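**Student:** The structure follows.
The values are calculated or read from the model by the stated rules, or taken from the named source; none is laboratory data. No experiment lies behind these values; they were computed from the predicted model shown. Using ideal geometry, Cβ is built from the backbone for each residue, glycine included, and neighbour counts are taken over all protein chains shown. Accessible surface areas use protein heavy atoms only, side chains included; no ligands, DNA or RNA. Shrake-Rupley method; radii C 1.70, N 1.55, O 1.52, S 1.80 Å.
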Amino acid sequence: AGATPLKVLLIEDNPADARLIEMMLAKASANLFELEHVERLTKAVERLAKGGIGLVLSDLSLPDSQGLETFTRAHEFAPQVPIIVLSGLSDENVAIHALHEGAQDYLVKGHVNTHLLVRAMRYAIERKRAEEELAKERDLFHSLLNHLPDRIYFKDEQSRFIRISRAVTQQFRIDHPREAIGKTDFAFFAPEHAEAALTDERRV
C-alpha cells in the first residue's frame, strides 16, 4: 500500500490557473497529492476549519480578498499549515513581506513548472516541520529557565548577561529577566566579587 496522499488546498479564482496547477500535481504522481479547490477565501477558511489540510497554495487576488491580507487571514485561521503564495504579480517587496509574515514560499504564475512546484511544496512541508520542532525546543528551554531552581545564565564575550533564569532574577532582586540584559556582575555584586567573576570568565 502506498503512502497517504497529502491534502492540498488550492485557493484560486481563475479556472485556467487552477486547471494548470491540477495538471501539474497530477503529472507529479498519481497518488502523491489530493487537491481540493476553492475560489474564495471565505470558502478556504471554512475548509481549513474542518482540518486535514497538509498544505495551502494560495493566490493573493480573490473576489473577497486582495493582496497580503489574503495570506494573513488564511495563515491566521491555520497557522500550523504551510502556505505557498502563488501570485500573478512578480513583486519582490510583496514576496518579502509574505515570507516575513510566515509564508513558506512565493511563486510567480507563468514561471512555475511541475518540478519547481513540487519541490517548493516538499521544502515548505519540511521547513514547517522544522519550525515546529524548533518551537518545541524553545518552549522547553523557556520552561526550564523559568522553573529550575538552579541559577542559569548566558553571557556574551564582554561578560554581559544575554539570558538569565528565573532563579537568577530572584537572586538579583529584579522584576523581570530582561532587566539584566546587557549588564555585568558589577551591576549586581560588590566590585571585588564582580572582578573575581570577570577574571574567571576571561580565563574560561
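**Student:** With the requirement that a residue be over 18 Å from residue 53 (Cβ atoms), surrounded by 13 or more Cβ atoms within 10 Å (Cβ to Cβ) and at pLDDT 90 or above, what does segment 124-156 give you?
**Tutor:** Within segment 124-156, 151, 152, 153, 155 meet the criteria.
**Student:** Can you find, within segment 169-186, the residue that is least open to solvent (accessible area, probe 1.4 Å) among those that are within 33 Å of the chain's Cα centre (by Cα) and basic (Lys, Arg)?
**Tutor:** 183
**Student:** Being surrounded by fewer than 17 Cβ atoms within 10 Å (Cβ to Cβ) and farther than 21 Å from residue 120 by Cα, is that true of even one residue in segment 20-42?
**Tutor:** Within segment 20-42, one or more residues are surrounded by fewer than 17 Cβ atoms within 10 Å (Cβ to Cβ) and farther than 21 Å from residue 120 by Cα.
**Student:** Identify all residues within segment 43-91 that are open to solvent by 60 Å² or more (accessible area, probe 1.4 Å), of a type in the set (Ser, Thr, Tyr) and modelled with pLDDT of 95 or more; write none if there are none.
**Tutor:** Within segment 43-91, none qualify.
**Student:** Among residues belonging to segment 180-197 that are assigned to a helix (DSSP H, G or I) and of a type in the set (Gly, Ala, Ser), point out the one that is nearest to residue 162 (Cα to Cα).
**Tutor:** 180
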